[in-house]
Amino acid sequence: MIDLWMMLALLLLPLALVIAWPLVGKRHKARRAEANTDGPEGASQAALYREHLAEIEQSRADGAIDEAQYASLKTELARKLLAEEQGGSYQLAQRRDGGRGLLFALAFAVPLAALGLYFYWGAHDDVALYRDIVASQSGASDMVVEARITQQLRKRVESHPEDLNSRYMLAQRLLVSNDIQGALAQYRYIVAKEPEAVNIRAELAQALFFANGSKITAEVIREVEQVLATQPNNTTALGLAGIAAFEQKNYMAAKSHWQRALNQLTPGSNAAQALAAGVQRAEAALAKVGGEAVANSTAIASESAEESASKVQSADENSIAVTVSLGDAVKYSPSTPVFVYARTAESPMPLAIVRLTAADLPARVVLDESRAMMPGRSLKTVDQVQVVARLAVGGNARPAPGDWQGEVKMLAREDWSKPLSIVIDQQI
């Protein structure tokens, strides 16, 4: 709120200066105005005085008047001239004093009127709402602030029905607070207005899924199909498609959908862990219905590929083998996640990543094409990488203060086949 008042002050300052400027220069103007009494009007009065004085003197010279009359007429003429000059100065002072009062009145009235109009027509409530939302996103809010945000968003949606951004934020908050029907109403409104908003349509499908007791319905499938037709890699839609396939006992399709979604998520995140558990359930279901041999052969082939990559590392130009260990000064829990990954210096997104735990160390890790997070972005697309091993104390895949790590800041492709080791001993 302080910076709001400062902004208002900055906006009103130029106006105050414009109004105060005549007051600052009033003395200069007064002098100039007084000097103007010697201008055209003052000059005409002086000329008339001299003309009458010349007539009086001529009358005295002609003997028409005597010295006493001459003195009396001259005194009267001078008195009239003085009276006329004093009257003009008084009128000028009155005009100047009246203008000064008007300026003082404007100096106070205009800012107060502007402030009142701002609170009446301005966006004071929107600024307050924005501040609360920023506090909520940074984790600096409490239950009172969260309730106020939801209430303010409701009022905003009622007063500005076409504000889809506010409506979308309200829908998300209602869904999180378990007001599913309220969230559905907001999602439906947005999708009706913006049919091409694919991400919001995916969230609508998710809300429909929750509204029906976490069960797939025909409407959920219809929304998911529309999303995947436009965004084949939408993780929300893929997750729901996997659930639908699993309920239909199409375990291979369920595994495929969940694995595609898993490949796009940050390793170790809550969503990634849930999808990984889903993949394991699909594999277990496949084994129960006769796919056990297929699953076993797949696992054996995967293990054989990793062993082969370890043994013939020099022959595989798109893989890096690294031995990872913990420094003696590092304090850890055996279950603490450890992320080993390769990335470029230009982007923090890993090209290949492996997740371990502290209990697994020391360990030899192979980073290759099978460890890529995204299709089309892997080790074979670059010639130089950074290799990082990080002990995630907070359990988050993203680096955070308190984590421990070790790294090789630059590793050229010609050195990928050479023995490489990293000791995690530097605290972030």
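Report yes if Ala218 is surrounded by 14 or more Cβ atoms within 10 Å (Cβ to Cβ) and in the same structural domain as Arg167 (by TED's automatic domain parsing), otherwise no. Against the criterion (surrounded by 14 or more Cβ atoms within 10 Å (Cβ to Cβ) and in the same structural domain as Arg167 (by TED's automatic domain parsing)), Ala218 does not qualify. Modelled with pLDDT under 85, among the polar types (S, T, N, Q), on the phi < 0 side of the Ramachandran plot and surrounded by 12 or more Cβ atoms within 10 Å (Cβ to Cβ), is that true of Ser138? No: the conditions fail for Ser138.
Scan the range 156-190 for residues that are over 21 Å from the mean Cα position of the chain (by Cα), surrounded by 13 or more Cβ atoms within 10 Å (Cβ to Cβ), part of a helix (DSSP H, G or I) and charged (D, E, K, R) and the total you get is 1.
Consider the range 262-300 and keep the residues that are of a type in the set (D, E, K, R) and touching a helix residue (DSSP H, G or I) at 6+ places or on another chain (Cβ under 8 Å). The one that is modelled with the lowest pLDDT is Glu292.
Of the residues making up the range 247-262, those that are over 26 Å from Arg371 (Cα atoms) and touching a residue at least 24 places away in the same chain (Cβ under 8 Å) number 2. Counting only residues that are free of Cβ contacts under 8 Å to residues at least 12 places away in the same chain and farther than 21 Å from Gly213 by Cβ, the range 163-192 holds 3 of them. Within the range 314-341, residues that are over 12 Å from Ala358 (Cβ atoms) and of a type outside the set (Gly, Ala, Ser) reach partners that are modelled with pLDDT under 85 and not in a strand (DSSP E or B) with beta carbons closer than 6 Å, at six or more positions or on different chains, in the pairs Asp316/Ala309; Asn318/Glu369; Tyr341/Pro350.
The values are calculated or read from the model by the stated rules, or taken from the named source; none is laboratory data. As the structure is a prediction and not an experimental result, all values here were calculated from the model. Neighbour counts run over all protein chains shown; Cβ positions are idealised from the backbone, glycine included.
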